[in-house]
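Remarks on the structure that follows.
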Amino acid sequence: MAQQWVAIDGPAGSGKSSVSKQAARDLNWGYLDTGAAYRALTWAHQNLTGFSLQDLANQDLAMVFDYAISVDPNNYWVRVGSVDVTDAIREAAVAEGVSQVARIPQVRAFMKQLTRAIVDECPKQGIIVEGRDITTVVLPDAQTRLLLTASEEVRLERRSAELGSANNQQVARQVSQRDASDAKVVDFMTPADGVTLIDSSNLNFAQTVAAVLETIAKATPKDH
């Protein structure tokens, strides 16, 4: 079981995934992308029978959603049953449909249990867990809780570069829609009590990782 938990929240395009993964590498800790589970469930909804929106609201997802994910930041993969969906869950259709799935209360309750189970099973000394509402709902008891954000302009630039998209208007629309949709479920822009805010608008990638590592170090017992 991981002894040190780090929870990192933030809006779309804030860099929380890439920063969290690099910080985990530097510490030789585990890394968990909680958004991958929502994307994998969305992929199942779009591609498998028995995963209609009504099913997601009414079924015991633990019985029907066979999900596995690597917590090794150097060997990242995601599976649904025997299918490797690591790349498939990043496709546009999944990205467009994930908010519809994520807003279902029963799904969010299941994902909370799933995340905590994966964290509990992590064999590393520590684990960095990133995603929406991680700092307040899923892991409010994490030793380190961070809200990583950036200005909307910077977030749009980063997401465009990440997607390799020349259509900035489309990227802007996707990010704005995602923010608006997710904001109906959880406040991901304002740090809750005890959550450290890191604004990376004027920081490059290495500086942002350094800021995260510094915050973790302050909360980590000296014998770790």
Between Ser151 and Asp87, the two model label points (7 Å from Cα along the beta-carbon direction) sit apart by a distance in nm of 3.7 nm
The range 39-56 - phi-based ³J(HN,Hα) in whole Hz, Karplus 6.51/-1.76/1.60, Gly and Pro as x: 5, 5, 5, 5, 4, 4, 4, 7, 10, 10, 6, x, 10, 6, 4, 5, 4, 4
Percent relative contact order of the range 4-216, based on C-alpha pairs within less than 8 angstrom and at least six residues apart? 36 percent
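Coordinate-derived values only; no laboratory data. Just so you know, these numbers come straight off a predicted model, no measurement behind them. Every residue, glycine as well, gets a Cβ built from its backbone with ideal geometry; the counts of neighbours run over all protein chains shown.
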